[in-house]
Amino acid sequence: MDIKAAYRRFRQWQLAPFDYRPSSQSQAKHHCSNCGTEFVGNFCPICSQRESMGPITWKSVFRSIGEVWGLNNRSLLYSVVQLFLRPGYFIGDYISGKRQVSFPPVKMLALIALLGVFVDYLTGSPITGVFNNDFDFAGDKMLLIDNAFEWMNLHPEVMSLILLSYLIIPIYFIFRFAPRNTRHTLPQGFFIQVFSAVVFLIFNIFDDITSLHMVIFVLGNVWLYFAYKQLFGYGWWGTLWRLALALVCAHLLALLMLGIDFSIHMIQTGDYNFVNGFKLFVKLLIRMLTNSDT
């Protein structure tokens, strides 16, 4: 086996995995069963119905059931495979306008999160998301934040998206003038983090099954590095220090928002003992960091 040739084929697939050349079938004339239009191609130019649509058969039944779980042309499974084998190129294709390359990302996030809940149930793991809800607060002073953590624990998919969303603004500025996907927008940054949340939820599922916490943590960071390297086109070192800086900025932003929220709550409750409040905030921060899953 020629390893170099196999690697070159893999690299070619990473860069251009889809063949959009017209087939002989697409050049045949079709009759649209929806509006009756005669046309050439894969889709009717009047009503946009696919040329292969016809009478309802058992194949139609299985296809409709499969579409719920992404087992259609834009397969959820195939999209996940691409997220692991060509993550940055795949995400770059989607945010640059190639929507047909991917299963809908927000829907993919919801389905993977549902799978994560099912795995939690089978493995007997507590559905706790990122935080454990066992803070020892003074009275009801922090009840609001405690309730917020409880809600986050019951919605791990939302929590993953919230945590990764702190990367949107740092990535927007730090990777602004990258060789690839230059001047990407904040909405594009949103979808970058949605895809990232999908991958980290999958890592969480494997963590629940294997309990290999440190291995999963390392794999998650390695994936993040290669995803950004492929997505923005910087070299090894250029990607490393920019991603490290973005992660530091994201953590600082998260701490800033947590501190502002904490201070507002203290003022609203009429407690101006900021020394005591600072102690509670530090305790909250330490518990949050030590109970982080990823």
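Residues that are among the charged types (D, E, K, R) and not in a loop (DSSP other than H, G, I, E, B) were ranked within segment 20-78; the one that is modelled with the highest pLDDT is GLU38. Look through segment 98-125, keep the residues that are in contact with a helix residue (DSSP H, G or I) (Cβ under 6 Å, 6 or more places away or on another chain) and hydroxyl-bearing (Ser, Thr, Tyr), and return whichever of them is modelled with the highest pLDDT. For segment 98-125, the residue satisfying everything is SER102. Mind checking whether some residue in segment 106-120 is basic (Lys, Arg) and free of Cβ contacts under 8 Å to residues at least 60 places away in the same chain? Checked segment 106-120: at least one residue is basic (Lys, Arg) and free of Cβ contacts under 8 Å to residues at least 60 places away in the same chain. Looking only at segment 219-246, residues that are in contact with a Pro (Cβ under 8 Å, 6 or more places away or on another chain) and part of a helix (DSSP H, G or I) come to 8 in all.
Listed here are the residues, each with its yes/no results for (1) buried (at least 16 other Cβ atoms within 10 Å of the Cβ); (2) at pLDDT below 80.
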position: THR185; (1), (2): no, no
position: LEU201; (1), (2): yes, no
position: ASP207; (1), (2): yes, no
position: VAL218; (1), (2): no, no
position: ALA244; (1), (2): no, no
position: GLY270; (1), (2): no, yes
position: ASN276; (1), (2): no, yes
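Quick check on segment 75-84. Is at least one of its residues hydroxyl-bearing (Ser, Thr, Tyr), out of contact with any helix residue (DSSP H, G or I) (no Cβ under 8 Å at 6 or more places or on another chain) and without any contact (Cβ under 8 Å) to a residue 40 or more places away in the chain? For segment 75-84, residues hydroxyl-bearing (Ser, Thr, Tyr), out of contact with any helix residue (DSSP H, G or I) (no Cβ under 8 Å at 6 or more places or on another chain) and without any contact (Cβ under 8 Å) to a residue 40 or more places away in the chain: present. Take the residues of segment 246-268 that are under 25 Å from PHE175 (Cβ atoms) and loosely packed, with under 12 Cβ neighbours inside 10 Å: which is modelled with the highest pLDDT? Step by step, filter segment 246-268, then rank; the result is VAL248.
Filter segment 220-234 down to residues that are touching a residue at least 12 places away in the same chain (Cβ under 8 Å) and surrounded by fewer than 23 Cβ atoms within 10 Å (Cβ to Cβ), then give me how many there are. Before you say what the answer is, go through the steps one by one.
Taking segment 220-234 as the starting set, the residues that turn out to be touching a residue at least 12 places away in the same chain (Cβ under 8 Å) are 220, 223-234.
So of that shortlist, the ones also surrounded by fewer than 23 Cβ atoms within 10 Å (Cβ to Cβ) come out as 220, 223-226, 229-230, 233-234.
Residues flagged as touching a residue at least 12 places away in the same chain (Cβ under 8 Å) and surrounded by fewer than 23 Cβ atoms within 10 Å (Cβ to Cβ) within segment 220-234 amount to 9.
Scanning segment 163-187 for residues that are touching a residue at least 24 places away in the same chain (Cβ under 8 Å) and at positive phi returns a single hit, ASN181. Looking only at residues of segment 76-101 that are closer than 25 Å to THR239 by Cα and hydroxyl-bearing (Ser, Thr, Tyr), we find that the one that is surrounded by the most Cβ atoms within 10 Å (Cβ to Cβ) is TYR94.
Selection of segment 169-183 for residues being hydroxyl-bearing (Ser, Thr, Tyr) and either surrounded by 19 or more Cβ atoms within 10 Å (Cβ to Cβ) or more than 24 Å from PRO104 (Cβ to Cβ) (or both) yields only THR182.
The values are calculated or read from the model by the stated rules, or taken from the named source; none is laboratory data. Since the structure is predicted, the reported quantities are computational estimates derived from the model, not experimental observations. Positions of Cβ are backbone-derived with ideal geometry, glycine not excepted, and every protein chain shown enters the neighbour counts.
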